[in-house]
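The values are calculated or read from the model by the stated rules, or taken from the named source; none is laboratory data. Everything numeric here is computed off the predicted structure, so don't read it as measured data. So basically every Cβ, Gly included, is an ideal-geometry build from the backbone, and we count neighbours across all protein chains shown. Areas reflect the complete protein model, heavy atoms only, side chains present, ligands, DNA and RNA absent. Shrake-Rupley method; radii C 1.70, N 1.55, O 1.52, S 1.80 Å.
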Amino acid sequence: MTVESTIHRDSRLAKLHTLEEKGYNPYPYRFKPDSFAADLQEKYKDLEAGTDTEDRVTVAGRAMAVRNSGMFIDIKDISGKIQAFCHKNHLSEEDLALLKSLDVGDIVGITGYIRRTPRGELSIAAEKFDIIGKSLQPLPEKFHGLTDIDARYRQRYVDFIVNDDAKEIYKKRCRITSAIRRYFEEHDFLEVETPMLHPIMGGANAKPFITHHNTLDMDLYLRIAPELYLKRLVVGGFDRVFEIGRNFRNEGIDKSHNPEFTALEAYQAYADYNDMAELIPDLIRYVAKSVLGTTLIKVGEHEIDLAQPFVRKSMLDLVKEYTGADFMTVEKLEDAKELAKSVGVNADAAISWGKVVSEVFDEKVEANLIQPTLVMDMPRDISPLAKTHRDNPRLVEHFDAYIAGMEMGCAYSELSNPLEQRARFEAQCADREAGDDEAQMLDEDFVNALEIGFPPTGGMGMGIDRLAIMLTGADTIRDVIAFPTLRKKD
């Protein structure tokens, strides 16, 4: 805390003590407003300047500006701003004395009648004034705001108070989640909940967070994906399920990655990845239309029309298109690494042909996929939960959806053969022993569930935070998460 802020806090503490000594409680148990700023601005938009009404309202909100010793107060509530006019002719002596303890940032309650000032400002002529939340910390100075980026994310509550753009982005993000939920409910999917603590890491290739349960005396993994539990539900007869929830991955932090993030996963029995290739674009269009009112968005310098069909191209074809390298012509790992080097990609750490292809794609192709694209048909050895491609045994029926150079989601024809699934898990275990700590583990119970009988199923997953980045125009994932993960402050 700076010397200046300490002085401000001491001044506010003194006012608080004065109020308490007078028997006034600036932290009451409740206060009941009956009106909101935006509704009043709309209702009285045609009220002429200099006109008083007999309409009395009660509002509550934060004092964002205080002028003329409290005669004029700009009050901000969840909907917007409105001015309070606090004149000695309308307030009691007690309320006028209370005004002297008012600071910018205090939460206040105002009861009075609606008027429009001669200068044209819609106002509430206060007849009753209350401080209902005394602020002991000053807000950032009006014209500069909270300019320290680190402070914005550490004190997000302040950022939301002073930065309307930040608040609007987060409100849109919340509406995005609501729209996703509506979409799946309208398509007869059942929203479910699955465990966050997993005894076996699975459902995605990622580094987990590990915790320990004392009573059971066992290590547990924070969920990296709900996939294997959702597919158990499909085995159990729930043909269409979806889940929106937190996943946790012990990975790096950048503009599109946060260690904990909100993910959507959905599974539809008697479908495959072709059905998901229709569902994902339809879902994104539905959400954009619901939240933005349009399917035409701008991401950076790029204009993107989500109403247009998503281009479908295989990963191998895209790699060949952008690098000239045809990885289908090589099978051995060392040959694949040499081919990668020939196009400027060092994939020496890769432990499989598919990993090499994936690294070349990430470095040379991904950033170019600006318009909506479904990257189809992944290498089999990097996708252990998808069915082998019906036309090429080196590939699987797995696609990733890209927009503006960012992966939005993925989908599979889900692997339903328990014997093949066991073999894939065992190959993943071998990869772990070879040093790949993101490879999946053998989940015996999941294989047992498949042996009970798993119908043909299409599944999809999507990062809601990334979708929010795209639809809100946010610069980084931190802008669409209320409280992003930050390095510990010294």
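Once each part is reduced to its C-alpha centroid, what is the distance from the stretch 315-339 to the stretch 220-284 in angstrom? Each part reduced to its Cα centre gives a spacing of 30 Å. Of the GluC sites (Glu not before Pro) found in the stretch 329-370, those that fall in a DSSP loop while having at most 11 other beta-carbon atoms within 10 Å are 331. Each listed q (0.15, 0.17, 0.24, 0.29 Å⁻¹) maps to a log10 I(q)/I(0) for the stretch 62-119 from the Debye sum over equal C-alpha point scatterers, namely -0.41, -0.53, -1.07, -1.46.
Mean residue ellipticity at 222 nm, helices only, the chain: -10000 deg cm²/dmol; runs of at least 4 DSSP H residues each add -39,500 (n - 2.57), and the sum is divided by the number of residues. Evaluating kT/(6 pi eta Rh) at 20 °C and 1.002 mPa s, with the Kirkwood radius of the stretch 84-144 over Cα pairs in the Stokes-Einstein relation, gives 168 µm² s⁻¹.
In loop segments of the stretch 1-107 as defined by DSSP, the trypsin sites (Lys or Arg not before Pro) with at most 15 further C-beta atoms inside 10 Å of their C-beta are 22, 30, 45, 88, 100.
Approximating the spin labels as points 7 Å out from Cα along Cα→Cβ, the residue 250-to-residue 275 distance works out to 3.7 nm. Helix 353-364: angle to the longest alpha-carbon principal axis of the chain, degrees 0 to 90, nearest 10? Tilt relative to the chain: about 40 degrees. Rounded to the nearest 20 debye, the dipole magnitude of the chain is 1840 debye, with +1 charges on Lys and Arg beta carbons, -1 on Asp and Glu beta carbons, and the Cα centre as origin. Comparing 99, 29, 87 along the charge dipole axis of the stretch 3-113, the residue lying farthest to the positive side is 29, per the Cβ-charge model. The residues of the chain expose, per residue, 49 Å² of accessible area to a 1.4 Å probe. In percent, rounded to a whole number, the relative contact order of the chain is 13, using alpha-carbon pairs under 8 Å and six or more apart. Quick note on the stretch 93-186: its Rg to Rh ratio, both from C-alpha atoms and Rh being the Kirkwood radius, is 1.11.
Across the stretch 1-153, C-alpha contacts under 8 Å between residues 6 or more apart give a mean separation that, scaled by the residue count, equals a relative contact order of 27 percent.
Each label was represented as a point 7 Å from its Cα along the Cα-to-Cβ direction; for residue 349 and residue 367 these points are 1.9 nm apart. Checking every one of the GluC sites (Glu not before Pro) in the stretch 126-228 against DSSP loop status and a limit of 16 other Cβ atoms within 10 Å picks out 141, 193.
Taking only the C-alpha atoms of the stretch 117-255, the Rg (one decimal) and the largest Cα-Cα distance, Dmax (whole number), read 23.2, 73 Å. Values (1) 136; (2) 204; (3) 166 are given for comparison; volume of the Cα convex hull per residue in Å³, derived from the coordinates here, is the one labelled (2). In this simple spin-label approximation, residue 163 and residue 290 carry label points 7 Å from Cα along the Cα→Cβ vector, and these lie 2.7 nm apart. Please work out the Cα center distance from the stretch 193-218 to the stretch 68-146, rounded to the nearest Å. Answer, in whole Å: 51. Measuring nothing but protein heavy atoms, the accessible surface of the chain at 1.4 Å probe radius is 49 percent carbon and sulfur.
For a Förster distance of 35 Å, can you work out the FRET efficiency between the beta-carbons of residue 207 and residue 121, rounded to the nearest 0.05? That gives a FRET efficiency of 0.05. Figure legend: label point modelled 7 angstrom from the Cα of residue 257 along Cα→Cβ; residues of the stretch 369-410 with amide N under 14 Å from it are 407. Relative to the first principal axis of the alpha-carbon coordinates of the chain, what is the inclination of helix 273-292, with its axis defined by its Cα atoms, in degrees from 0 to 90 and to the nearest 10? Computed tilt is about 10 degrees. Taking only Cα atoms, what is the 0 to 90° angle, nearest 10, from helix 333-342's long axis to the longest principal axis of the chain? In the chain, helix 333-342 runs at an angle near 60 degrees to the longest axis.
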